[in-house]
1. So what J values fall out for the range 148-163 if you push phi through Karplus, 6.51 cos²θ - 1.76 cosθ + 1.60 with θ = phi - 60°, rounded to Hz, Gly and Pro as x?
2. Leaving ligands, DNA and RNA out of it, rank Lys110, Lys76, Lys122 by accessible area with a 1.4 Å probe, largest first.
3. Amide H of Asn52 versus every other amide H placed in the peptide plane: which residues, excluding those fewer than 5 positions away on the same chain, fall under 5 Å?
4. Between Ala148 and Ser74, what is the spin-label point distance in nm, taking each point 7 Å from the Cα along the Cα→C-beta axis?
5. So what's the gap between the Cα centers of the range 61-78 and the range 115-162, to the nearest angstrom?
6. For the chain, report the % of Cα-Cα distances exceeding 26 Å.
7. Amide H neighbours of Val35 under 5 Å, counting only residues 5+ apart in sequence or on other chains, H built in-plane at 1.01 Å?
8. With a Förster radius of 41 Å, plug the Cβ-Cβ distance of Val156 and Ile126 into 1/(1 + (r/R0)^6) and report the FRET value to the nearest 0.05.
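The values are calculated or read from the model by the stated rules, or taken from the named source; none is laboratory data. Please read all numbers here as calculations on a predicted model, not as lab measurements. All Cβ positions, glycine included, derive from the backbone under ideal geometry; neighbour counts span all protein chains shown. Heavy atoms of the whole protein, side chains included, go into the accessibility calculation; ligands, DNA and RNA do not. Shrake-Rupley method; radii C 1.70, N 1.55, O 1.52, S 1.80 Å.
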Amino acid sequence: APNMLDHLGNEFLVWLWHTLQNETDTIPLADGSEVAVMLAKTLMLDCPRGENGRDSLTDDAPTRLPEALRALQSGKLPRKAGLILVRHGAQYEFTMQAESLAISGAMLPKPEEQGLSAADVKVARIDSLRHLSETLDLLFDAYRRRRAGSDWSKEVSRIKTWLTAA
């Protein structure tokens, strides 16, 4: 429906998949930094019309499996994906639910506990969570800028070509 925006998460994951597989695994961000991205461990694809069923794939790189691309080609959309992000030397691993952009199972970098008080460890964990949130916001913003840009139709054509050529 035109007033429903839950498709943006699915579109974001398809764009991310295409970008990682065909262009680069490092995406420049609006703050001048970069984020290295990997789709990892889990990928769930589902038919939005409920016609073709659901595929749930588990692998170190599930998007590299031939059945993942075939599922996408058959009209299934990524509903949940495992992601690894690395920005400013910090690595985050989590699962993203496409429709809500909800994050679950986030693994944050372990703070260096030598000489830190319990309170300092908690503060370091909170800082890691803030950094993850900022990184996700900037990554989605990179997609949003492309999506709202004048070259989006060319991007969609490249994605369609990728899907039909494979």
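1. Listing the rounded values in order: 8, x, 5, 9, 4, 5, 5, 4, 4, 4, 5, 5, 5, 4, 4, 5 Hz.
2. Heavy-atom accessible area, descending, gives Lys110, Lys122, Lys76.
3. HN-HN under 5 Å from Asn52: Cys47.
4. According to this spin-label approximation, the distance is 3.7 nm.
5. First find each Cα centre; the distance between them is then 23 Å.
6. It works out to 31 percent of all Cα pairs.
7. Answer set, sorted by chain and number: Ile27, Leu29.
8. 0.55
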